[in-house]
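Working notes, structure below.
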Amino acid sequence: MRKFILLFSLIVLGSFCSTASAQGLGAIGFASDDVDDETPAAPIDSLLAFGLLAGTAYGIRKIKK
């Protein structure tokens, strides 16, 4: 049962990490026109998923001890 929960958690986390960005969904508009549109969007690095997986594995290992 624990393997299923872990596998399911990894699949869910992996599915969200590929579409995440720091600017939000993009469909939500700005309230005013004084927005700096020249600055490029800041995407979240893909290594974040590996960091989350490493932190999860470390946490599970610490809880088991």
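Couple of notes before you dig in:
- Tally of residues being closer than 13 Å to T56 by Cα, modelled with pLDDT under 85 and exposed (fewer than 10 other Cβ atoms within 10 Å of the Cβ) across segment 1-10: 0
- Segment 49-65, subset among the aliphatic types (A, V, I, L, M) and within 18 Å of F8 (Cα to Cα), residue surrounded by the fewest Cβ atoms within 10 Å (Cβ to Cβ): A54
The values are calculated or read from the model by the stated rules, or taken from the named source; none is laboratory data. Not measured: the values here are computed from a predicted model. Cβ sites come from the backbone with ideal geometry, for glycine too, and all protein chains shown count toward neighbours.
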